[in-house]
Amino acid sequence: MELAYYSDLAVRLVNSEEPSRGTDTLTSVEAVRALFGESQQARRTTDADVTRLRSVRARLRAVFEAAAGGDEVLAVDLLNALLIEFPVSPQISGHETRDEDGRPDWHMHIADYAASAGAGYAATASMGLAFHLTELGADRLGICEASPCRNAYLDTSTNRSRRYCSDRCATRANVAAYRARKRLDAERTAGAERSRRQDREPTGRTADTAQETSPAIDR
């Protein structure tokens, strides 16, 4: 199965909106067609598909958020609901040759017989994400930890260590963490210096006490 390709459709749809930044690019038929890429299904897109895919987008984000939060059961339940609503059919395809003899490279495709372009996109994206989850694990579905990004991503690292949707977000988060550590170190240093000064300087009460206990000198 072309897992990376099909599951990437889900990522692209979810990331067409950035709630934390208040941005949303999925506002027109042209934007929906851009999600399809070179797929012939893009030509079938209508205004109704914009509304349909915006709804599916919210549900797919919920899948990623549940998985990223460690609730695999909820992520699977949410994804199963999408699979039931937007079913697909597997199909054997051989559009590429396997060797010099010209024999087809037979492999499985997800066949789309949906009544609309939006429903077809939802079905393919959901099925691709389902394959990705079952083959690689729910913990491979992540939400970027770089504030305020919160984009969805698929973790393909060898050690399951990915935390950000892109190198740019990783760099930004690392820089922010470094600056936070530097501020904390500076505050600690300043606090320690204030404590040392206070230890060296007698308080007013101590000075008064010293005067009261000093012996009187006869003149």
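Would you please list the contacts, defined by Cβ atoms under 6 Å and residues six or more apart or on different chains, that run from a residue in the range 100-121 that is under 18 Å from residue 50 (Cβ atoms) to a residue that is among the basic types (Lys, Arg) and surrounded by 11 or more Cβ atoms within 10 Å (Cβ to Cβ)?
Taking only residues 6 or more apart or on different chains, the pairs are 117/44; 118/52.
Taking the range 172-199 only, how many residues are at pLDDT 75 or above and closer than 12 Å to residue 145 by Cα?
Matching residues across the range 172-199 total 1.
Of 82, 154, which residue is hydrophobic (A, V, I, L, M, F, W, C), buried (at least 20 other Cβ atoms within 10 Å of the Cβ) and touching a His at 6+ places or on another chain (Cβ under 9 Å)? Give the derivation first.
On the way: 82 fails: touching a His at 6+ places or on another chain (Cβ under 9 Å).
The match here is 154.
So residue 67 clears everything in (1) closer than 23 Å to residue 143 by Cα; (2) part of a loop (DSSP other than H, G, I, E, B) except one condition, right? Which one?
(2)
Of the residues 11, 50, only one is assigned to a helix (DSSP H, G or I) and within 14 Å of residue 120 (Cα to Cα); which? Give the derivation first.
Values: 11 fails: within 14 Å of residue 120 (Cα to Cα).
Of the residues listed, the single one that is assigned to a helix (DSSP H, G or I) and within 14 Å of residue 120 (Cα to Cα) is 50.
Within the range 24-82, work out how many residues are of a type in the set (Phe, Trp, Tyr) and in contact with a strand residue (DSSP E or B) (Cβ under 7 Å, 6 or more places away or on another chain).
Looking only at the range 24-82, we keep the residues that are of a type in the set (Phe, Trp, Tyr), and these are 36, 64.
Still in the list and also in contact with a strand residue (DSSP E or B) (Cβ under 7 Å, 6 or more places away or on another chain): 64.
Residues in the range 24-82 being of a type in the set (Phe, Trp, Tyr) and in contact with a strand residue (DSSP E or B) (Cβ under 7 Å, 6 or more places away or on another chain): 1 in total.
With the condition kept exactly as written, say whether any residue in the range 23-31 is part of a loop (DSSP other than H, G, I, E, B), in contact with a Ser or Thr (Cβ under 8 Å, 6 or more places away or on another chain), within 17 Å of residue 133 (Cβ to Cβ) and among the β-branched types (Val, Ile, Thr).
Looking only at the range 23-31, we keep the residues that are part of a loop (DSSP other than H, G, I, E, B), and these are 25-28.
Cutting the leftovers down to in contact with a Ser or Thr (Cβ under 8 Å, 6 or more places away or on another chain) gives us 25-26.
Those still in the list that are within 17 Å of residue 133 (Cβ to Cβ) too: none.
There is no residue in the range 23-31 that is part of a loop (DSSP other than H, G, I, E, B), in contact with a Ser or Thr (Cβ under 8 Å, 6 or more places away or on another chain), within 17 Å of residue 133 (Cβ to Cβ) and among the β-branched types (Val, Ile, Thr).
Only one residue in 94, 102, 120 is surrounded by 15 or more Cβ atoms within 10 Å (Cβ to Cβ) and either over 22 Å from the mean Cα position of the chain (by Cα) or at pLDDT below 80 (or both), so which one is that? Walk me through it before giving the result.
Details: 94 fails: surrounded by 15 or more Cβ atoms within 10 Å (Cβ to Cβ); 102 fails: surrounded by 15 or more Cβ atoms within 10 Å (Cβ to Cβ).
Only one candidate qualifies: 120.
Restricting attention to the range 63-88, which residues are of a type in the set (A, V, I, L, M), under 14 Å from residue 125 (Cα atoms) and free of Cβ contacts under 8 Å to residues at least 40 places away in the same chain? Please lay out each step first, then the result.
The first filter runs over the range 63-88 and keeps only residues of a type in the set (A, V, I, L, M), leaving 63, 66-68, 73-76, 78-79, 81-84, 88.
Now restrict to residues that are under 14 Å from residue 125 (Cα atoms): 63, 78-79, 81-84, 88.
78, 81, 84, 88 - these are the residues of the range 63-88 that are of a type in the set (A, V, I, L, M), under 14 Å from residue 125 (Cα atoms) and free of Cβ contacts under 8 Å to residues at least 40 places away in the same chain.
Give 13, 3, 26, 35 a once-over and let me know the one that is at pLDDT 90 or above, hydrophobic (A, V, I, L, M, F, W, C) and closer than 19 Å to residue 75 by Cα.
Details: 3 fails: at pLDDT 90 or above; 26 fails: closer than 19 Å to residue 75 by Cα; 35 fails: closer than 19 Å to residue 75 by Cα.
Matching residue, one of 13, 3, 26, 35: 13.
With respect to the numbered conditions (1) of a type outside the set (Val, Ile, Thr); (2) in a helix (DSSP H, G or I); (3) over 19 Å from the mean Cα position of the chain (by Cα), which one is the sole condition not fulfilled by residue 114?
So the condition that residue 114 fails would be (2).
Given the criterion farther than 22 Å from residue 151 by Cα and of a type in the set (Asp, Glu), identify the matching residue among 65, 17, 72, 85. If you could, list the steps in order and put the result at the bottom.
Details: 65 fails: farther than 22 Å from residue 151 by Cα; 17 fails: farther than 22 Å from residue 151 by Cα; 72 fails: farther than 22 Å from residue 151 by Cα.
Exactly one residue qualifies, and that residue is 85.
Against the definition (at negative phi, of a type in the set (Gly, Ala, Ser) and within 21 Å of the chain's Cα centre (by Cα)), how does residue 42 come out, yes or no?
On the way: at negative phi: yes; of a type in the set (Gly, Ala, Ser): yes; within 21 Å of the chain's Cα centre (by Cα): no.
It is false that residue 42 is at negative phi, of a type in the set (Gly, Ala, Ser) and within 21 Å of the chain's Cα centre (by Cα).
Of all residues in the range 157-171, how many are closer than 23 Å to residue 137 by Cα and exposed (fewer than 12 other Cβ atoms within 10 Å of the Cβ)?
Within the range 157-171, residues that are closer than 23 Å to residue 137 by Cα and exposed (fewer than 12 other Cβ atoms within 10 Å of the Cβ) number 5.
The values are calculated or read from the model by the stated rules, or taken from the named source; none is laboratory data. Every value quoted in this text rests on a predicted model; they were computed, and no experiment measured them. So basically every Cβ, Gly included, is an ideal-geometry build from the backbone, and we count neighbours across all protein chains shown.
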